[in-house]
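As structure tokens, the structure follows; a few thoughts come after it.
The values are calculated or read from the model by the stated rules, or taken from the named source; none is laboratory data. These numbers come from a predicted model, not from an experiment. Cβ sites come from the backbone with ideal geometry, for glycine too, and all protein chains shown count toward neighbours.
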Ligand SMILES: *Cc1c(COP(=O)(O)O)cnc(C)c1O
């Protein structure tokens, strides 16, 4: 091969497709296990066939006007402060692209969302990974200390994927006020709907107060639309404009826009599902602790087992004994992330965990 790839790609992992194991319980990607809401499926079917409005022979509305209005109302913010993207992971990449380039630094905790080092390196910027505390929380003081004159962006994930821990309002305000105000601070709230901690930071409120703060949310997890790719950012209008400049055109397709509008209107059906996830999360946490595992208190729809280098062995044990697929991060700072599924699915995982030779 003689094509010259950018050297920034050298350190990036090649995509490894997730294995699909027939009949297995999948607790690996933080999806909700309920089937799609019927009105969402119906809205998609209608939109697909409606040639007078936005049938799929037509390009979608590039600014997703209706969806942006609905989201603005949902978060009680002016619509100039809202922008949608092809999943919030696409917005993560766009955020890095608008502020960082070769030699710049992007700071985040580790472990945190596995996409952060990838989207950082794609632009040629350097990831600065700050270890979490002994109790698996983001170390906000150390994150602030890691900022240099080359720092352009900081990701703060709360609840943190994969450790499940949250950042509180007082500590995040302290961090924001300590860090230079030309550093973009991205509060990633992909799991907000499962967070029952009353002290948790609210990214939308902080973004309204500090112009260098952006919050990211997604329809993938709580709204059950992972397969359709819709996320959004709430930020200062200047940041929204910059994000639109680097967006892939028409990234949020017309069926995704219609589905997102319908799912957003289904709060009364979805909220009981979120409460059921929270109840199961607390049951699973207690049962795993009872079985002798260390389990940080999670405010997300998954739990974290900090098993380090034994993570891969645990995941393999779950698969071979109970056909349960969990997500292993098999290295020294690693562990196993287990999505909260339906009660019987969680019971199968617990069965495997109890029989693991520790
Ligand atoms: C799942 C997840 C996202 C994004 O999901 P999308 O499907 O791209 O919207 C973003 N951040 C974190 C921390 C996540 O876990």
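From the list 243, 255, which residue is over 19 Å from the mean Cα position of the chain (by Cα) and within 16 Å of the ligand (Cβ to nearest atom)?
Working: 243 fails: over 19 Å from the mean Cα position of the chain (by Cα).
255 is the lone residue from the list that is over 19 Å from the mean Cα position of the chain (by Cα) and within 16 Å of the ligand (Cβ to nearest atom).
Only one residue in 192, 111, 178, 150 is touching a residue at least 12 places away in the same chain (Cβ under 8 Å), away from the ligand (no atom under 15 Å from the Cβ) and either under 13 Å from the mean Cα position of the chain (by Cα) or within 29 Å of residue 10 (Cα to Cα) (or both), so which one is that?
Details: 192 fails: away from the ligand (no atom under 15 Å from the Cβ); 111 fails: away from the ligand (no atom under 15 Å from the Cβ); 178 fails: either under 13 Å from the mean Cα position of the chain (by Cα) or within 29 Å of residue 10 (Cα to Cα) (or both).
Checking each option against the conditions leaves just 150.
Limited to segment 221-237, what total is found for residues that are within 17 Å of residue 164 (Cβ to Cβ) and either more than 12 Å from the chain's Cα centre (by Cα) or near the ligand (Cβ under 10 Å from one of its atoms) (or both)?
Residues flagged as within 17 Å of residue 164 (Cβ to Cβ) and either more than 12 Å from the chain's Cα centre (by Cα) or near the ligand (Cβ under 10 Å from one of its atoms) (or both) within segment 221-237 amount to 1.
Considering only segment 313-358, state which residues are without any contact (Cβ under 8 Å) to a residue 40 or more places away in the chain and part of a strand (DSSP E or B).
Within segment 313-358, 328, 336 meet the criteria.
Against the conditions (1) closer than 22 Å to residue 279 by Cβ; (2) away from the ligand (no atom under 16 Å from the Cβ), where does residue 168 fall short? Just the number, please.
(1)
Against the conditions (1) crowded, with 22+ Cβ neighbours inside 10 Å; (2) in a loop (DSSP other than H, G, I, E, B); (3) touching a residue at least 40 places away in the same chain (Cβ under 8 Å), where does residue 186 fall short? Just the number, please.
With respect to (1) crowded, with 22+ Cβ neighbours inside 10 Å; (2) in a loop (DSSP other than H, G, I, E, B); (3) touching a residue at least 40 places away in the same chain (Cβ under 8 Å), residue 186 is out only on (2).
Residues of segment 153-175 being without any contact (Cβ under 8 Å) to a residue 40 or more places away in the chain and in contact with a strand residue (DSSP E or B) (Cβ under 8 Å, 6 or more places away or on another chain), which ones?
The answer is 167, 168, 169, 172, 175.
Looking at segment 7-40, which of its residues are surrounded by 14 or more Cβ atoms within 10 Å (Cβ to Cβ) and not in a loop (DSSP other than H, G, I, E, B)?
If the condition is that a residue be surrounded by 14 or more Cβ atoms within 10 Å (Cβ to Cβ) and not in a loop (DSSP other than H, G, I, E, B), then 8, 25, 26, 27, 39, 40 are the ones that fit.
If residue 137 passes every condition in (1) within 16 Å of the ligand (Cβ to nearest atom); (2) closer than 16 Å to residue 187 by Cβ; (3) assigned to a helix (DSSP H, G or I) but one, which one does it miss?
Tallying (1) within 16 Å of the ligand (Cβ to nearest atom); (2) closer than 16 Å to residue 187 by Cβ; (3) assigned to a helix (DSSP H, G or I), residue 137 fails exactly one: (3).
Return the only residue of 76, 104 being more than 16 Å from the ligand (Cβ to nearest atom), farther than 30 Å from residue 344 by Cα, exposed (fewer than 11 other Cβ atoms within 10 Å of the Cβ) and at pLDDT 95 or above. Step through it out loud before you land on a result.
Working: 104 fails: exposed (fewer than 11 other Cβ atoms within 10 Å of the Cβ).
After ruling out the rest, the residue left standing is 76.
Let me confirm something: among 90, 43, which residue is in contact (Cβ under 8 Å) with a residue 40 or more places away in the chain, surrounded by 17 or more Cβ atoms within 10 Å (Cβ to Cβ) and within 16 Å of the ligand (Cβ to nearest atom)?
The conditions single out 90.
Any residue that is surrounded by 18 or more Cβ atoms within 10 Å (Cβ to Cβ) and either modelled with pLDDT under 95 or within 20 Å of residue 302 (Cα to Cα) (or both) - is there at least one of those in segment 204-216?
Checked against the condition, which is being surrounded by 18 or more Cβ atoms within 10 Å (Cβ to Cβ) and either modelled with pLDDT under 95 or within 20 Å of residue 302 (Cα to Cα) (or both), segment 204-216 yields at least one hit.
Would you mind finding the one in 248, 239 that is in a loop (DSSP other than H, G, I, E, B) and in contact (Cβ under 8 Å) with a residue 24 or more places away in the chain?
248 is the lone residue from the list that is in a loop (DSSP other than H, G, I, E, B) and in contact (Cβ under 8 Å) with a residue 24 or more places away in the chain.
When the residues of segment 201-220 are narrowed to those that are farther than 23 Å from residue 70 by Cβ and not in a helix (DSSP H, G or I), which ends up farthest from the ligand (Cβ to nearest atom)?
Taking segment 201-220 first, the residues farther than 23 Å from residue 70 by Cβ are 201, 209-212.
From the residues that got through so far, the ones that are not in a helix (DSSP H, G or I) too are 201, 210-212.
On the way: 201: 14, 210: 20, 211: 22, 212: 19 Å.
That would be 211.
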